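Read the figures in this text as sums done on the coordinates, not as results from a lab. Because the structure is predicted, anything quoted here is derived from the model rather than measured. For neighbour counting, all protein chains shown are included, and Cβ atoms are generated from backbone atoms with ideal geometry for every residue, glycine included.
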Amino acid sequence: MGSTRRSRGRVADEATAAAVATTPRERALVASCVLAVAALAWGYLVYLERQMAGAMAHEAMMTGMGMAMPWSLADFAFMTSMWAVMMVAMMAPAAAPVLLLVGSARARRGARSRVFVPAFALGYAIVWLGFSVAAALLQWMLHDAALLSPRMAAASPRLTGALLVAAGLYQLLPIKGACLVRCRSPLAFLMTHWRDGAIGALRMGLRHGAWCLGCCWALMGVLFAVGVMNLVAVAALALFILAEKTGPAGVLVARIGGIGLIAAGMAVLVLTA
């Protein structure tokens, strides 16, 4: 027990030092990788949105004729990959601070593993890949139940309003606040959960990714209300998540956003009643 406490105390001291005296080379490398991955993801989403425009128009015509096309396993796999790329585009900027801190702490500790930061990022990505599978499954069910339009948005105002209100309410729940606090304090996370080695980094990434998922999953549900491939909405959500996770008034931003979503949802429900 004593050795564990001493070990964690040493990690805390080293993590604090890493936050103050970061390695410029490490920071530049991690930042450039994050920016490159995010840029590639956004580029693919723009390309995909243009490619899917014709397919969505065709499906709208078929739906109007009462001939909605059911999904196949290939459709599910495609949508899962689409969600995964979208999560990368949305979450990479918000994940940058913790990745930078992990890289700095690794350098400060003199760890030799060159895959430490990639292993942490892999754990983080695995969590969001799991979410992507779940989101694609939900989209499949909504599609088969004719609850989504051909443009992959809620087919009824009631569903749209309910989704917005639900996302807004979650923003105000204590569990959201608890997850957001952990996401906004990566240094505290490293102080209490540091593990050495590539496997340790993977475990840390999984745990931090789980907190991130707990913070943001309900916001992703907004896409079912406004359109899964609505890139304006995707960009707006990405900026909102970045603000609540890294901005100086992130907690307040999260609560204001929640109130705004509830108000928008209620407006949709009342105006279409």
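For each of 137, 100, count neighbouring Cβ atoms within 10 Å of the residue's Cβ, then give the residues from fewest to most.
Numbers: 137 13, 100 22.
Taking fewest neighbouring Cβ atoms as first place, the list is 137, 100.
Order of 206, 45, 99 from fewest to most other C-beta atoms within 10 Å? Can you show the working numbers first?
Working: 206 16, 45 20, 99 23.
Ascending Cβ contact count within 10 Å gives the list 206, 45, 99.
In what sequence do 47, 170 fall when counting other Cβ within 10 Å, fewest first? If you can, show how the numbers build up before the last one.
On the way: 47 10, 170 19.
By the 10 Å Cβ count, ascending: 47, 170.
Relative to the Cα centre, what is the charge dipole magnitude of the range 117-273, using +1 at the beta carbon of each Lys and Arg, -1 at the beta carbon of each Asp and Glu, and rounding to the nearest 20 debye?
Details: 10 positive and 3 negative charges, 54 e Å.
For the range 117-273, the charge dipole is close to 260 debye.
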